1. Tally the residues that are of a type outside the set (V, I, T), under 15 Å from A53 (Cα atoms) and not in a helix (DSSP H, G or I), restricting the search to segment 73-106.
2. Given the criterion of a type outside the set (S, T, N, Q) and closer than 28 Å to T194 by Cα, identify the matching residue among K51, K3.
3. Tell me, which residue of segment 157-175 that is open to solvent by less than 30 Å² (accessible area, probe 1.4 Å) and in contact with a His (Cβ under 8 Å, 6 or more places away or on another chain) is modelled with the highest pLDDT?
4. Give the residues of segment 13-29 that are outside any loop (DSSP other than H, G, I, E, B), surrounded by fewer than 17 Cβ atoms within 10 Å (Cβ to Cβ) and either in contact (Cβ under 8 Å) with a residue 40 or more places away in the chain or β-branched (V, I, T) (or both), sorted by residue number.
5. Could you tell me whether segment 136-147 includes any residue that is over 25 Å from L28 (Cα atoms), over 12 Å from the mean Cα position of the chain (by Cα) and either basic (K, R) or outside any strand (DSSP E or B) (or both)?
6. Against the condition in contact with a Gly (Cβ under 8 Å, 6 or more places away or on another chain), within 25 Å of I56 (Cβ to Cβ) and surrounded by 14 or more Cβ atoms within 10 Å (Cβ to Cβ), how does T149 come out, does it pass?
7. For the subset of segment 71-84 comprising residues that are open to solvent by 10 Å² or more (accessible area, probe 1.4 Å) and in contact (Cβ under 8 Å) with a residue 60 or more places away in the chain, which member is nearest to the chain's Cα centre (by Cα)?
Amino acid sequence: TNKIVFNYLPVEWITEIPPEQEFCVNPLVPIGAVTLINAHGGTGKSLFALKMAAHIALGLPIVGAETNAGKVAYISLEDSENSVRNRIFKTFNTLPEEAQQRIEELTTKIMIIDRYGIQTHMAIHEDGNIVTSPIARDLSKLLKENEITCVFVDTLIRTNGLNENDNTQMGALLVAFEGIAKEAKCAVVLIHHTAKS
């Protein structure tokens, strides 16, 4: 909605200690916000995202950071099911031996959303404006209903039908992801390729 809504400063914002920021990976991936993993192609971003997903699902630390165990979703937009399956197999086999005994937790806490070959734009042109798409609203609802604490979007470029050289349009795309983070009360991790120089 474009209607401006406001509240005057609530007294408890002054008198009460605010709630602490929650994290999927502390302090790298905050819940209710958007995080970007950005690197050149072929550097292992997708594999790292799946490893992070497994660690969050099992509550295992990663890159020296603690995780809060929770349900995770991985949206595959750029790779075939077989490629994702191969990465998951590699990821599982790099987990500590005791974690490999917890297969059932992984199969009930990691949701795979296969959107390979399916247009998945999160912000679209509509009546001369850029708005959050129906697919973004459906995704937010799905994540909330399934109590997902972190969603990985692999890759950002596949969610974008806008002009990526236009800051206003990219801002609208970011707003769509921020809306998902806010509505679903989850962390959104965007996987993105660094531009080639």
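The values are calculated or read from the model by the stated rules, or taken from the named source; none is laboratory data. What you see is a predicted model, and the numbers here were worked out from it, not measured in a lab. Cβ coordinates were reconstructed from backbone atoms using ideal geometry, including for glycine residues, and neighbour counts include every protein chain displayed. These accessible areas exclude ligands, DNA and RNA; they are computed on the full protein's heavy atoms, side chains included. Shrake-Rupley method; radii C 1.70, N 1.55, O 1.52, S 1.80 Å.
1. Residues flagged as of a type outside the set (V, I, T), under 15 Å from A53 (Cα atoms) and not in a helix (DSSP H, G or I) within segment 73-106 amount to 6.
2. The conditions single out K51.
3. The extreme case among them is T159.
4. I14, T15, N26
5. For segment 136-147, residues over 25 Å from L28 (Cα atoms), over 12 Å from the mean Cα position of the chain (by Cα) and either basic (K, R) or outside any strand (DSSP E or B) (or both): present.
6. When the stated conditions are applied, T149 passes them.
7. Result: K71.
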